[in-house]
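Have a look at the structure below, then the notes.
The values are calculated or read from the model by the stated rules, or taken from the named source; none is laboratory data. Remember, predicted model here, so these are calculated numbers, not experimental data. Quick reminder, even Gly has a Cβ in these numbers, built from the backbone with ideal geometry, and neighbours come from all protein chains shown. To get the accessible areas, we keep the full protein, side chains included, count just its heavy atoms, and leave off ligands, DNA and RNA. Shrake-Rupley method; radii C 1.70, N 1.55, O 1.52, S 1.80 Å.
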Amino acid sequence: MALERLPSFSTAADVAAMIGRDGYAIVERAVAPALLDRARAELQPHLDATPFGPDDFAGRRTRRTGGLIARSATCRDLVVHPLVLGAVGKVLGHATSFQLHLTQVIAIGPGEPGQTIHRDQWAFDFFPFPQGYEVQCNTIWAMTDFTEASGATRVIPGSHRFEDKLRLPVSDSEPAEMAKGSVLFYTGSLYHGAGANRSDAVRVGVNITYSLAWLRQEENQYLSVPLDIARTLPVELLRLMGYARGAYALGYVDDLRDPIAVVRPDLDQVGLAGS
């Protein structure tokens, strides 16, 4: 059964509605393929230097390259893509705010077996979040065409409503096939896994995920992005990275200062740090 998909002109409300119903949404050709080519060129030295995964889950023929904000100006545009932020804001709108959780390129090499079907929110120490309370919303941008043969991400539609900690077979899932430049959205509660790469090519995707701002980030953005680079970034991106209060009293610095004042003292001086 082919998965449903949305056209490139879809709105954030369209995407969020499909995510709420099915736990995922595919938007076809959301960006031009050339944009992904540019990001790949910026990241290629880092991709080449990344070792393969240390275990079966990470993938012994899979490279996972992080730190994308520091390493790729183009990936910064993907992080703050208006359709993504709009949709994520609706999916996670029950909380005060959300944050950037993880950035990485996932390059699955030929011969890599399929990944165990899982939920990404299990990263939070397998905490049993209430069913229907979403804490994470993820994206995977197709840097190459995603086909079933090349290891397209496999999802189980509607499984965001399943019980937690299930062990589900790959046969229950469907491949999220999509053309280069397309994007797959899915919640942290959706059962999914990387597909087996039975092709001769490397399947490459850009995994950018978002979580509620009161949870710890999977990728430490403060250390992944050196301060000298952080000081050059737009305020919107800095706040998304975590230089903002996660709720009323979470994440402030010393004397109740907004954390962005540490990176951008000029904002503090003009009274914007508390906005």
*Given a 1.4 Å probe and every protein chain left where it sits, what share in percent of the accessible area of the chain is carbon and sulfur?*
55 percent
*asked:* I need the Kirkwood Rh of the range 174-266: take the reciprocal of the average 1/r across all distinct C-alpha pairs and report it in angstrom.
replied: 16.3 Å
*For the range 195-275, with every protein chain kept in place, what is the accessible area per residue (1.4 Å probe, Å²)?*
52 Å²
*Whenever you get a sec, line up 209, 116 from highest to lowest accessible area (probe 1.4 Å, protein heavy atoms).*
116, 209
*If you line up the long axis of helix 82-91 against the longest principal axis of the chain, both from Cα atoms, how many degrees apart are they, to the nearest 10?*
90 degrees
*With every protein chain left in place, what is the accessible area of residue 236 in Å² (1.4 Å probe, nearest 10)?*
110 Å²
*Compute the acute angle (0 to 90°) between the alpha-carbon long axis of helix 33-49 and the principal axis of greatest extent of the alpha-carbon atoms of the chain; round to the nearest 10°.*
90 degrees
_Can you tell me the length gained on complete extension of the stretch residue 266 to residue 44, counting 0.36 nm per residue apart and subtracting the Cα distance?_
76.4 nm
*Anyone know which of 114, 132, 195 comes out most mobile in the 10 Å Cα GNM of the chain?*
132
_For the chain, what does the helix formula give at 222 nm: sum of -39500 (n - 2.57) over DSSP H segments with n ≥ 4, over the residue count, nearest 500 deg cm²/dmol?_
-7000 deg cm²/dmol
*Counting Lys +1, Arg +1, Asp -1, Glu -1, what net charge surrounds residue 208 among other residues with beta carbon under 14 Å of its beta carbon?*
-1
_At R0 = 41 Å, how high is the FRET efficiency between residue 32 and residue 249 if r is their beta carbon distance? Nearest 0.05 is fine._
0.45
*For residue 201 and residue 161 in the same chain, what is the full-extension length gain: residue separation times 0.36 nm, less their Cα-Cα distance, in nm?*
11.0 nm
_Computed lengthening from residue 2 to residue 14, 0.36 nm per intervening residue step minus Cα-Cα distance_ = 2.4 nm
*asked:* Once each part is reduced to its C-alpha centroid, what is the distance from the range 164-240 to the range 1-79 in angstrom?
replied: 7 Å
*asked:* Modelling each spin label as a point 7 Å along the Cα-to-Cβ direction, I'd like the residue 116/residue 170 distance in nm, to one decimal.
replied: 1.5 nm
*What does the convex hull of the alpha-carbon atoms of the range 16-158 project to on average, in nm²?*
9.3 nm²
*When only the heavy atoms of the protein chains count and the probe is 1.4 Å, how do 170, 88 rank by accessible area, highest first?*
170, 88
*asked:* Highest mean first, how do 201-207, 123-129, 71-77 rank when packing is the count of other Cβ atoms within 10 Å averaged over residues?
replied: 201-207, 71-77, 123-129
_If I take the Cα coordinates of the range 1-57 and project them onto the principal axes, what are the three extents in Å, biggest first?_
39, 31, 21
*Would you mind classifying the range 200-250 by shape? Square roots of the alpha carbon gyration tensor eigenvalues, ordered a ≥ b ≥ c; an a/c under 1.5 is rounded, otherwise it is prolate if a/b is larger than b/c and oblate if not.*
oblate
*asked:* If DNA, RNA and ligands are ignored and the probe is 1.4 Å, what is the ranking of 91, 235 by accessible area, most exposed first?
replied: 235, 91
